[in-house]
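Notes follow once the structure below has been shown.
The values are calculated or read from the model by the stated rules, or taken from the named source; none is laboratory data. This is a predicted model, so every value here is computed, not measured. Counting neighbours? That spans all protein chains shown, and the Cβs are built from the backbone with ideal geometry, glycine included.
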Amino acid sequence: MTTSLIGFACLLLLIMVRVPIGFAMGLVGFFGFVYLNDMNWVAALSMSSRRVIDTSQDYGLSVIPLFILMGNLVTRSGLSSELYKASFSFLGHLKGGLSLATVVACGAFSAICGSSLATAATMAKVSMPPMRKYGYSDSLATASIAAGGTLGILIPPSVILVIYGIMTEQSIRELFAAGFLPGLLGIILYMGAVSWTVWRDPDAGPRGEKKNAKQRIQALKGVWGVLILFSVVMGGIYGGIFTPTEAAGIGAAGAFIIALLRKSLNFKVLFDVLSETAQTTASLFVVVIGALIFSNFINRAGLPDELLKLITGYDLSPMMVIFVIIGIYIVLGAVFESLSMLLLTVPIFYPVVESLGFDLVWFGIVVVVVTEISLITPPVGLNVFVLSGVLKDVSTGTIFKGVTPFWTADIIRLLLIVLIPTIATLLPNWLYH
Amino acid sequence: MSSERIQALSEKGPIKWLALFLNGLAAITLFALMLITCVDVIGRYVFNSPLVGSTELTEMAVGIVVFSTFPIISWRRENIVVDILDNYVSPKLDFIRTIIINCVSTIALYFIGQRIILLGKRSLGYGEVSEYLAIPTGWMINFIGIMCWVTAFLLVTVGIYRSLKVLQISNNTLLKDSI
């Protein structure tokens, strides 16, 4: 226990002085492993090298560059504005309608993009101007984008779920199936949060104009690409027609064709999209490799076992343990970047959760929902930062103020998923068991 | 201060070409990866003949994509970091910090690269090849090891040169602000 705690302390120190998280985890994991193996440097070097070699050529992880590529291509193709137009045509005439439309469009965009930050940044560009035009308050407008954007990592495809699946050896297909209903629940609760905000302050979100049936059908025509892409990719995975990697490859190619048809690609843009995707992939892999080396050390030090002994010693009920873990995540999430928080904690928690008899697919969804919450929790809500970066004239304070009802909606959703696991497990059980 | 501006100031001549080359290698491989999976799926369902060795090619492609861009993200400080304390760190301290972190990373990457290349040599010595296409597995291992060394070298050269430029720029803006 002491060894792992010292390891953790060193790790936190290194991360705080801005050592790249992947490097920090790798270094601490390496030296910890050396210490535990009677100063055997060669064994530790070989372990780390094997991790680097195997992880960077892992078939399962190959979905990551392909899904990121798909998301980046779709982002460049400008489909996000069509998604917004379509949901506006159905919801715009309601009170707070433009914010409702923003939440729905974010949810739809999440269905083809696996990143929350990208979803928030993309939707900000298309949904902020109309909300400004109709006189929406900045705090409601930005909060609906920031919160809606968090759906990116839950509604499949999701990069974080893939990484969770690799670390805990759970099936990516089941995780993707499990994320679907909680994602829908998130959209509904966020719409509730919008309604609540407008009910409290009707001036914050006035009605837009009503569209007739013909205009609605016209607007839906713009989003056929997204619908087809999502149906093929996720339908293919759910139905077992292709592996997640193949689905991601098809999805990326589909997004490439859509972008070509919409004439939003030239050679330079394509090169930029590809190299940007490669760089994002590399930065994710560095963290994943670091985390795997670190978790080798943590497991060798026996931290998960000792935690389990501690829990049985205190006679905590399994549900209490889950709530303690969630509490830890909410605290960590306030300061940490989401992916690194997940990579640091999952290797320690998942053996405990598993031996307490919980479903690891369900736990994955719980962890991702907590991570979503961390994206809009002050002081370090990354989605909020991204938004205030894109919309230079809105301060983070304004956004955090508007986010409160959405944050509450998230907590309600988290409780629902924890207390009624069926919300997450229904779809995977029905599809695969 | 935008990252494009830093890039324009700190990446000139050979470094610019090197970045372009590495990015190009990654971009082509990534595009090929997309095509490989599509050809495999279409071949399997439409023509009943899947692409032989597509799994191996996929695995190699991922390795190439990751390790050809690894040096770039490392010297441009684009690795994932916790940056909540950045506003409290002076440019000078940040410069010193970058030098220390880059030197430590270089030493670590040197040793791990050395070990990986050793494993690569060993694999070549045993004559290990991939299952379907009979590609020597040692090639990819050596590529990864060499790219670790390349990154190690670039971190203490380009990486430090870049942060020196950042320091100069921030000093200049401070001067202008005080006038």
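Tabulated results
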{"quantity": "Matching residues in the stretch A:90-142 - criterion: being closer than 17 Å to A:LYS210 by Cβ and of a type in the set (Val, Ile, Thr)", "calculated": "A:VAL104"}
{"quantity": "Filter result for A:GLY290 (within 28 Å of A:LYS221 (Cα to Cα) and modelled with pLDDT of 90 or more)", "calculated": "no"}
{"quantity": "Answer from B:PRO14, B:PRO50 - the residue that is on the phi < 0 side of the Ramachandran plot and either acidic (Asp, Glu) or in contact with an Asp or Glu (Cβ under 6 Å, 6 or more places away or on another chain) (or both)", "calculated": "B:PRO50"}
{"quantity": "Residue under evaluation A:VAL232, criteria (1) β-branched (Val, Ile, Thr); (2) surrounded by fewer than 23 Cβ atoms within 10 Å (Cβ to Cβ); (3) at pLDDT 90 or above, criterion not met", "calculated": "(3)"}
{"quantity": "Only one of A:PRO157, A:PRO202 that is in contact (Cβ under 8 Å) with a residue 60 or more places away in the chain, buried (at least 24 other Cβ atoms within 10 Å of the Cβ) and not aliphatic (A, V, I, L, M)", "calculated": "A:PRO157"}
{"quantity": "Qualifying residue in the stretch A:3-21 (condition: closer than 21 Å to B:GLY145 by Cα, of a type in the set (A, V, I, L, M, F, W, C), in contact with a Ser or Thr (Cβ under 9 Å, 6 or more places away or on another chain) and crowded, with 24+ Cβ neighbours inside 10 Å)", "calculated": "yes"}
{"quantity": "Check on B:THR106, assigned to a helix (DSSP H, G or I), of a type in the set (Ser, Thr, Tyr) and touching a Phe, Trp or Tyr at 6+ places or on another chain (Cβ under 9 Å)", "calculated": "yes"}
{"quantity": "Boolean, B:ILE141 is facing chain A (nearest Cβ under 10 Å) and touching a helix residue (DSSP H, G or I) at 6+ places or on another chain (Cβ under 6 Å)", "calculated": "yes"}
{"quantity": "Residue within the stretch B:42-55 that is under 16 Å from A:TYR59 (Cβ atoms), out of contact with any helix residue (DSSP H, G or I) (no Cβ under 8 Å at 6 or more places or on another chain) and outside any helix (DSSP H, G or I) present", "calculated": "yes"}
{"quantity": "Residue count, the stretch A:408-423 (criterion: closer than 22 Å to A:ILE376 by Cα and buried (at least 19 other Cβ atoms within 10 Å of the Cβ))", "calculated": "6"}
{"quantity": "Test: residue in the stretch A:45-54 that is crowded, with 24+ Cβ neighbours inside 10 Å and not in a helix (DSSP H, G or I)", "calculated": "no"}
{"quantity": "Output for the stretch A:263-279, where each listed residue is at the interface with chain B (Cβ under 9 Å from one of its Cβ atoms) and among the hydroxyl-bearing types (Ser, Thr, Tyr)", "calculated": "A:SER275, A:THR277"}
{"quantity": "Candidates A:THR75, A:THR3, filtered to the one that is in a helix (DSSP H, G or I) and in contact (Cβ under 8 Å) with a residue 60 or more places away in the chain", "calculated": "A:THR3"}
{"quantity": "Qualifying residues in the stretch B:76-90 (those that are at pLDDT 85 or above and in contact with a Ser or Thr (Cβ under 8 Å, 6 or more places away or on another chain)) - the one nearest to A:GLY22 (Cα to Cα)", "calculated": "B:ARG77"}
{"quantity": "So B:PRO14, is it more than 7 Å from chain A (Cβ to nearest Cβ), without any contact (Cβ under 8 Å) to a residue 12 or more places away in the chain and not in a helix (DSSP H, G or I)", "calculated": "no"}
{"quantity": "Residue satisfying all of: in the stretch A:280-329; among the β-branched types (Val, Ile, Thr) and surrounded by fewer than 17 Cβ atoms within 10 Å (Cβ to Cβ); nearest to the other protein chains (Cβ to nearest Cβ) among these", "calculated": "A:ILE328"}
{"quantity": "Of all residues in the stretch B:52-87 being more than 8 Å from every other protein chain (Cβ to nearest Cβ) and among the β-branched types (Val, Ile, Thr), the one that is farthest from A:THR243 (Cα to Cα)", "calculated": "B:ILE64"}
{"quantity": "Condition met for A:ILE155 (of a type in the set (Val, Ile, Thr), touching a helix residue (DSSP H, G or I) at 6+ places or on another chain (Cβ under 9 Å) and in a helix (DSSP H, G or I))", "calculated": "no"}
{"quantity": "Residue within the stretch A:376-394 that is surrounded by 15 or more Cβ atoms within 10 Å (Cβ to Cβ) and either modelled with pLDDT of 90 or more or among the basic types (Lys, Arg) (or both) present", "calculated": "no"}
{"quantity": "Selection count, the stretch B:3-18, where residues are surrounded by fewer than 19 Cβ atoms within 10 Å (Cβ to Cβ) and either of a type outside the set (Gly, Ala, Ser) or closer than 20 Å to A:GLY60 by Cα (or both)", "calculated": "11"}
{"quantity": "Exclusive hit being within 30 Å of A:GLU337 (Cα to Cα) and crowded, with 20+ Cβ neighbours inside 10 Å, set B:LEU93, B:LEU85, B:LEU119, B:LEU109", "calculated": "B:LEU109"}
{"quantity": "So B:THR106, is it among the polar types (S, T, N, Q), facing chain A (nearest Cβ under 10 Å) and either touching a residue at least 40 places away in the same chain (Cβ under 8 Å) or over 30 Å from B:ASN172 (Cβ atoms) (or both)", "calculated": "no"}
{"quantity": "Among (1) free of Cβ contacts under 8 Å to residues at least 60 places away in the same chain; (2) under 21 Å from the mean Cα position of the chain (by Cα) - the single one B:ILE144 does not satisfy", "calculated": "(1)"}
{"quantity": "Single condition B:SER2 does not satisfy, out of (1) modelled with pLDDT of 85 or more; (2) over 17 Å from B:ILE144 (Cβ atoms); (3) hydroxyl-bearing (Ser, Thr, Tyr)", "calculated": "(1)"}
{"quantity": "Unmet criterion (only one of (1) surrounded by 15 or more Cβ atoms within 10 Å (Cβ to Cβ); (2) under 30 Å from A:PHE358 (Cβ atoms); (3) modelled with pLDDT of 85 or more) for A:GLU276", "calculated": "(2)"}
{"quantity": "Sole residue being of a type outside the set (Ser, Thr, Tyr), within 12 Å of another protein chain (Cβ to nearest Cβ) and either free of Cβ contacts under 8 Å to residues at least 12 places away in the same chain or surrounded by 21 or more Cβ atoms within 10 Å (Cβ to Cβ) (or both), chosen from B:PHE21, B:PHE47", "calculated": "B:PHE21"}
{"quantity": "Flag for B:ILE28 being part of a helix (DSSP H, G or I) and of a type outside the set (Gly, Ala, Ser)", "calculated": "yes"}
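This table checks each residue for (1) free of Cβ contacts under 8 Å to residues at least 12 places away in the same chain; (2) under 12 Å from the mean Cα position of the chain (by Cα); (3) not in a helix (DSSP H, G or I).
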residue	(1), (2), (3)
A:VAL104	no, no, no
A:ALA118	no, yes, no
A:GLY135	no, no, yes
A:ALA141	no, no, no
A:GLN170	no, no, yes
